[in-house]
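These notes are about the structure you will find just below.
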Amino acid sequence: MKHFTEIGAYFLMLGQVFKRPTKRSVLKELILKEVEELILNSLGIVVFISFFVGGVVSIQTALNINNPLIPDLLVGFATRQSVILEFAPTFISIIMAGKIGSFITSSIGSMRVTEQIDALEVMGINSLNYLVFPKIIALLFYPFVIGIAMFLGIFGGWIATVYGGFSSSAAFIEGVQSKFIPFHLIYAFIKSFVFAFILATVPSFKGYYMTGGALEVGKASTAAFVWTSVIIIIANYVITILLLS
Amino acid sequence: MIKVNHLNKQFGDTPILRDVSTAFERGKTNLIIGSSGSGKTVFLKCLLGLYRPDSGQILYSDKPFSKMDNNERKELRQKIGMVFQGGALFDSMTVEENVMFPLRMFTDQTEQEMIHSVNEVLSRVNLNNANKKFPSEISGGMQKRVAIARAIVNNPRYLFCDEPNSGLDPKTAMVIDNLIQEITQEYDITTIINTHDMNSVMEIGQNIVFLQYGKVAWEGNANTIFNADKQEVIDFVYSSNLFKKIREIQRSK
Ligand SMILES: Nc1ncnc2c1ncn2[C@@H]1O[C@H](COP(=O)(O)OP(=O)(O)O)[C@@H](O)[C@H]1O
Ligand SMILES: [Mg+2]
């Protein structure tokens, strides 16, 4: 029951986010700041993780191919498929639920407990639009982050394969190019957009409606990470059934 | 002028405000006093529309707040300045940006004009060298003064202060009290101040509402409070050791 009222409150919040917009010039600045904090500041960890996980995926695949009947190009093929379909969009989004998600919840939550949100409301500002809308817009750039993760994941796989001596560079690249289905890329980017929206709004919801003090801000951040991940996993499942099966 | 008729507010099953009726006059410093937990903050937040009262009416210049549409509320709120108990400064912004915020949001002033107004109010609250500092880099007392500057920078018609001088040293507290009174008279605005500080009561208590357990237990001003015959008021006034001592001395004469 409690979850149903929370879901209702979440959608009511979304309604408010798109109402009574903040002054244009101010909104522009807020969006730029969010792009920096949410997108640019996340690139480092995304680059690091994608490169190495891509490498591990290809090594694992290579190690599991003992049968000489299976061609070497399977390594590149498997790396590409897993990176584009799941690793980049979903795995990275779970990591981002931890990074961006807890950042959003704790920053909005501490504004709530120190009455900064009340201060905005008293001035007649729509605090939900002021705080959440710029995050949604900034996260429209999120699919670019995922694009980078895809590229670096495959690149990391190539490096690991070639320098680990598992197969030749030519075989890996041939594998990456073989049986490519463009719709898989579209599917991955559709997922990324949906995940971006979840990443912007679920942690905001958890922070905006929290009560208590500094301790509760910490708890809310943890709860936000859990809920954001769970919702991303469910959304992933639903989108996959709708688009791929 | 703000009028309040039969205001009730409860959280869960606990009544916090009980049938509160009173009036706050323009050009005067109106004080809401009472011990911690008596409902002062909740009352202020009801007046501001941050909490929705369960019943009763709040009238701003004879217009009921509950009957105002979104635009009227927005217009009203731009004429309200509020100093929150903890300051509620935006911690991602510098002192200057905090004070400039209402101007940036609601006026078409140029950067130059805004900086001019900001420096003017900051010097009124005796804060001249903190423009580029962040709230976390200044003391609690300085934060309070920035909050006051932010509340008055856009020339409000109504000024609300929730314990504006709690946590300040007595001298700064008095400066702040006097500043609030000065502004109130100079711009002829309606000012409402929550406090449990007897010094403020003496200094600026032009109209006093005494809240106890969410009820108006007494009304008067700085001159009449010492002759109040209500026991709760006497207890409140003489909860301060200083006043207790003064009374003992007076009695022993
Ligand atoms: N948001 C809230 N939810 C539930 N109870 C509250 C809330 N805000 C205040 N209260 C309760 O209302 C009472 C009055 O609080 P308050 O108005 O803050 O007192 P004060 O006079 O010290 O400002 C307290 O008992 C407090 O616990
Ligand atoms: Mg209070």
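The values are calculated or read from the model by the stated rules, or taken from the named source; none is laboratory data. Owing to the predicted nature of the structure, the values given are computational and were not obtained by experimental measurement. Cβ coordinates were reconstructed from backbone atoms using ideal geometry, including for glycine residues, and neighbour counts include every protein chain displayed. What goes into the accessible areas is simple: the full protein's heavy atoms, side chains included, and nothing from ligands, DNA or RNA. Shrake-Rupley method; radii C 1.70, N 1.55, O 1.52, S 1.80 Å.
Can you give the Rg to Rh ratio of segment B:88-155, both from alpha-carbon atoms, with Rh computed by the Kirkwood formula?
Ratio value, two decimals: 0.92.
Can you pull the one-decimal nm distance between simple spin-label points at A:SER169 and A:PHE183, each 7 Å off the Cα toward Cβ?
About 3.5 nm separates the two model spin labels.
Leaving ligands and nucleic acids out of the surface, order A:ASP118, B:ASP108 by accessible area at 1.4 Å, largest first.
B:ASP108, A:ASP118
List the trypsin sites (Lys or Arg not before Pro) in segment A:142-240 that DSSP assigns to loop (not H, G, I, E or B) and whose Cβ has at most 13 other Cβ atoms within 10 Å. Which are they?
Listed in order of number, the matching sites are A:LYS179.
In whole Å and largest first, what semi-axes does the C-alpha gyration tensor of segment A:1-137 yield when each eigenvalue is scaled by 5 and square-rooted?
Working from the Cα gyration tensor, I get semi-axes of 43, 17, 13 Å.
Taking each residue of A:117-130 in turn, how many C-beta atoms of other protein chains fall within 10 Å of its C-beta, and what is the average?
6
Starting from 0 in steps of 10 Å, tell me what percent of the Cα-Cα pairs of chain A lands in each bin.
Calculated over all Cα pairs of chain A, the distribution is 8, 28, 30, 19, 11, 5, 1, 0 percent.
Between A:ALA214 and B:GLU75, what is the spin-label point distance in nm, taking each point 7 Å from the Cα along the Cα→C-beta axis?
Reported label-point gap for A:ALA214 and B:GLU75 is 4.4 nm.
Give, rounded to the nearest 20 debye, the magnitude of the charge dipole that chain A has about its Cα centre when Lys and Arg contribute +1 at Cβ and Asp and Glu contribute -1 at Cβ.
420 debye
Going by amide H atoms built from the backbone, whose H comes under 5 Å of the H on B:ASN194, apart from near neighbours?
B:ILE32, B:CYS161, B:ASP162, B:GLU163
Given +1 on the Cβ of Lys and Arg, -1 on the Cβ of Asp and Glu, and no further charges, what dipole in debye does the protein assembly as shown carry about its Cα centre, rounded to the nearest 20?
Magnitude of the dipole: close to 520 debye.
In whole Å, what are the extents of segment B:74-204 along the principal axes defined by its C-alpha atoms, from largest to smallest?
42, 33, 22 Å, listed from the longest principal axis down.
Please arrange A:TRP158, B:TRP218, A:TRP227 by accessible surface area, largest first, computed with a 1.4 Å probe and ligands excluded.
A:TRP227, A:TRP158, B:TRP218
Per residue, how large is the accessible surface of chain A? Use a 1.4 angstrom probe and give square angstrom.
48 Å²
Which whole number gives the average, over all residues in B:4-11, of C-beta atoms from other chains lying within 10 Å of the residue C-beta?
0
Below 8 Å, C-alpha to C-alpha, sequence gap of six or more: please give me the relative contact order for segment B:88-155 in percent.
50 percent
At 1.4 Å probe size, with the rest of the protein present, what percent of the exposed accessible area of the protein assembly as shown is carbon and sulfur atoms?
59 percent
Given N residues in chain B, what is Rg(Cα) / (2.2 N^0.38 Å)?
In units of the globular-protein estimate, chain B measures up at 1.04.
Over all residues in B:149-155, what is the mean tally of Cβ atoms on other chains that come within 10 Å of each residue's Cβ?
For peptide B:149-155, the averaged partner shielding equals 1.
How large is log10 of I(q)/I(0) for the protein assembly as shown at q = 0.06, 0.08, 0.09, 0.13 Å⁻¹ when the intensity is taken from the Debye formula with one equal scatterer per alpha-carbon?
-0.40, -0.62, -0.73, -1.20
Would you compute, from DSSP H runs of 4+ residues alone, the mean residue ellipticity of the protein assembly as shown at 222 nm, taking -39500 (n - 2.57) per run and dividing by the full residue count, rounded to the nearest 500?
When only DSSP H runs of four or more count, the value is -18000 deg cm²/dmol.
With a 1.4 Å probe and every protein chain left in place, tell me how much accessible area A:ARG112 has, in Å² to the nearest 10.
60 Å²
Taking the solvent-accessible surface of protein heavy atoms with a 1.4 Å probe, what is the per residue accessible area of chain B in Å²?
48 Å²
Take the alpha-carbon centre of segment A:89-128, take the same for segment A:41-57, and report the distance between them in whole Å.
Segment A:89-128 and segment A:41-57 have Cα centres separated by 26 Å.
If you place +1 on the Cβ of every Lys and Arg, -1 on the Cβ of every Asp and Glu, and leave all else neutral, what size is the dipole of segment B:88-155 about its Cα centre, to the nearest 20 Debye?
300 debye
Go ahead and collect, in residue order, the members of segment B:84-104 whose backbone nitrogen is under 18 Å from a label point 7 Å along the Cα-Cβ direction of B:ASN129.
Zone members listed by number: B:95-96.
Interface A/B, total buried accessible area with a 1.4 Å probe, nearest 100 Å²?
Roughly 1800 Å².
Evaluate the relative contact order of chain A (contact order divided by residue number), counting alpha-carbon pairs under 8 angstrom at least 6 apart; express in whole percent.
Computed value for chain A: 35 percent relative contact order.
Using alpha carbons only, how many angstrom separate the centre of segment B:107-155 from the centre of segment A:152-203?
Taking the Cα centre of segment A:152-203 as reference, the centre of segment B:107-155 is 51 Å away.
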